Structure formats: C-alpha cells, structure tokens
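The values are calculated or read from the model by the stated rules, or taken from the named source; none is laboratory data. Note that the coordinates shown come from a computational prediction; the quantities given were computed from them, not determined experimentally. All Cβ positions, even for glycine, are placed from backbone atoms using ideal geometry, and neighbour counts span all protein chains on display. Keep in mind that these areas ignore ligands, DNA and RNA; they rest on the heavy atoms of the full protein, side chains included. Shrake-Rupley method; radii C 1.70, N 1.55, O 1.52, S 1.80 Å.
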Amino acid sequence: MKNIRELIHNANLTKTQKMIGKFILDDAADACFMTSTEIAQRLGVSESSVIRFSRSLGFTGFMDFQKALRKDYQENVLSISSNITVPSQRIAQRSKFDSDPNYLDRHLKNSMNNLDAVFEENSPETFEKAADMIIGSRHKYIVASRCNSNLGDYFLLYLKHMVPNVESANSSSITPIDHMCNISKEDCAVIFSFPRYSSTDRICAEMAAEAGAKIVVVTDNPDALLAPYADVLFTVPIDNNTFFNCMVAPQFVTEALLDTISHRVKGIEKRLKKIDRYLDMSGNY
C-alpha cells in the first residue's frame with residue numbers, strides 16, 4: 001500500500017481536504033491519536049469533512065484511515081517534524097523514541113523517506129526551469145547561512161566550474177547586504193533556507209525582489225519564510241529523529257540542480273582542464 005504522504009499528494013482534494021491533509025502530514029504525531037471530532041475542532045471544519053477526506057484517499061472511513069496513519073507513522077520512524085525548530089525542544093521530543101536501540105537504522109529509513117518525497121513535491125520541470133533561469137542570468141548570487149552554508153558552498157563551487165559571474169553573498173568580512181547591493185533585474189539569487197530561518201536571508205530575498213532579479217528558493221515547505229519570494233520554489237523535507245535537520249534530501253536537490261545545469265551549458269571540459277592545471281601546480285592531486 002502507498003504511504004500516506006503519497007496518497008495525499010496524488011489525491012484530487014478540495015480546499016478543505018487539502019488543509020486536513022497538510023495537518024496530517026505536518027502533525028502526524030498528534031493526528032494519529034486524535035479522533036475525527038478532535039481534528040475537525042482543531043482545524044475549524046466539520047467532522048463529516050474529515051470523514052470525506054479519509055474516503056477520498058480510498059479508506060472505508062476515518063477509523064480505517066487512522067489505523068493506516070498509525071502504521072505509516074511507525075514505519076516512518078517517528079521522525080521529528082521540521083516544524084519543531086528549537087534544538088532543545090527537538091532533543092526533548094527525541095526522548096520519546098529512545099526506547100528503540102536501532103537509531104542508525106531509523107536514521108537511514110528517515111533519510112530515505114525524505115528522499116522519496118523530493119520527486120513527489122518537485123517535478124523535473126522545476127529543475128529545468130531553475131537551471132535555465134540560473135544560466136540565463138548575468139550574475140548569480142548564492143545565499144545561505146549557518147547550517148545551510150554547506151549547501152551554498154557546494155553549489156557555489158561547482159556552479160563556478162560551469163558558468164561565469166557566480167558569487168557568494170556570505171563571507172566573514174563583508175555582509176550579504178554589501179555583496180548584493182548591485183544586484184539587478186538581469187541577475188539571479190539562489191537561496192538555501194531551512195529552519196532555523198535567517199532574517200538576513202530574508203533581507204537578501206527582499207533586495208533581489210526589489211531589484212527585479214529572479215529568485216530560486218530551496219526550502220522545507222510551501223509556507224516557509226522565503227517561499228513567497230520564489231520564482232522557482234523547491235520544497236525539500238528535512239525531518240529527522242534528532243535535534244538537527246536531516247540535510248540528505250537538500251544535498252540531493254543541490255546536486256540534481258547542478259547536474260541539470262551541467263547538461264545545458266558548454267565549455268565545462270575546457271574550464272575544468274584549466275582548473276586542474278593550476279591545482280596540479282599548487283600540489284593538489
């Protein structure tokens with residue numbers, strides 16, 4: 001049987017049912033132990049709407065759906081939702097799972113679930129549109145802070161190997177605002193933003209939007225802080241069973257976007273040979 005996330009994603013739902021589905025996915029830990037009446041009261045909808053939602057997914061009723069939800073929740077290794085962003089709260093939540101000694105297996109399964117969700121939430125066309133937008137821009141600004149910096153630095157390095165005029169908006173001596181002060185409508189900003197979100201990243205997004213530049217946002221959900229700024233939006237789950245985000249799926253999306261770009265640009269081999277020649281001279285082998 002398909003998992004609950006896939007069933008909800010593929011179902012033809014009404015606006016109310018989509019709201020119920022979002023609650024189920026975001027708060028599965030609570031939802032799988034709530035009655036249909038409690039869910040209805042929490043969301044301000046009718047109980048019959050919750051029951052119709054269950055049936056729209058192919059279940060005979062809410063009890064049948066709840067049984068599947070609980071099983072799915074257990075199989076998805078009781079991951080801590082990215083909605084819980086404070087590390088101390090996340091580590092407290094993890095204490096509920098510590099009776100299971102197979103935490104490495106749980107971490108692996110959780111990472112796989114996040115990866116499976118990538119193509120449920122992001123079509124190949126999204127990668128292609130973002131790639132064309134980046135390639136077609138004059139300057140490319142890469143924005144990422146704190147734990148997201150590893151994604152930004154990785155993307156920066158390999159994008160520089162493929163196209164010119166790529167720069168980071170982050171450095172130790174210059175603020176992102178200084179880096180992006182000359183951004184224009186011919187440019188593009190690629191922003192990696194995962195909880196905890198950064199107000200500095202939001203300022204960068206506002207600067208890019210004000211200049212009319214194109215904006216690619218890689219974040220965790222459609223309601224995230226920087227999602228409204230995106231011309232192209234990637235939503236990538238980072239659910240984990242410990243106090244930090246699981247960055248496996250964001251790293252995959254970063255690599256997949258670079259791979260898409262690499263199939264669209266010419267002259268990469270010549271640039272790489274030049275880089276290798278100078279790396280050899282510097283003693284890097």
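Couple of notes before you dig in:
- In summary, the convex hull built on the alpha carbon positions of the stretch 119-270 has an orientation-averaged projected area of 8.8 nm².
- Ratio Rg/Rh [Cα only; Rh per Kirkwood] for the chain: 1.03
- Once you divide the Cα radius of gyration of the stretch 191-285 by 2.2 N^0.38 Å, the number left is 1.39.
- Nearest-0.05 FRET efficiency for Asn165 and Glu210, computed from C-beta distance (R0 22 Å): 0.60
- Label point at Arg146 placed 7 Å out along Cα→Cβ; residues across the stretch 247-271 whose backbone nitrogen lies under 20 Å: 247-251
- The H on the amide N of Ala189, modeled in the peptide plane, is under 5 Å from the matching H of Tyr141, Lys214, Ile215, Val216, each at least 5 residues off or on a different chain.
- Computed about the Cα centre, the dipole magnitude for the chain is approximately 200 debye when only Lys and Arg (+1) and Asp and Glu (-1) carry charge, each at its Cβ.
- Modelled FRET efficiency - R0 22 Å, Ser172 with Arg202, Cβ distances, 0.05 increments: 0.60
- Residue-normalised accessible area of the stretch 176-237, given per residue in Å² at a 1.4 Å probe: 39
- For a modelled paramagnetic label at Asp132, 7 Å from Cα along Cα-to-Cβ, the residues of the stretch 179-193 in reach, with backbone nitrogen under 19 Å, are 186-190.
- Relative to the current alpha-carbon distance between Leu157 and Asp280, full extension at 0.36 nm per residue lengthens the span by 42.5 nm.
- Of all the options His263, His139, His107, the one that moves most in a Gaussian network model of the chain with Cα springs shorter than 10 angstrom is His263.
- Reducing the stretch 269-284 and the stretch 196-213 to their Cα centroids gives an inter-centroid distance of 35 Å.
- Long-range amide H partners of Leu225 with built H, under 5 Å: none
- The alpha-carbon atoms of the stretch 93-198 define a convex hull whose volume equals 151 cubic angstrom per residue.
- Computed from label points 7 Å out along Cα-Cβ, the spacing between Asp116 and Met19 is 2.9 nm.
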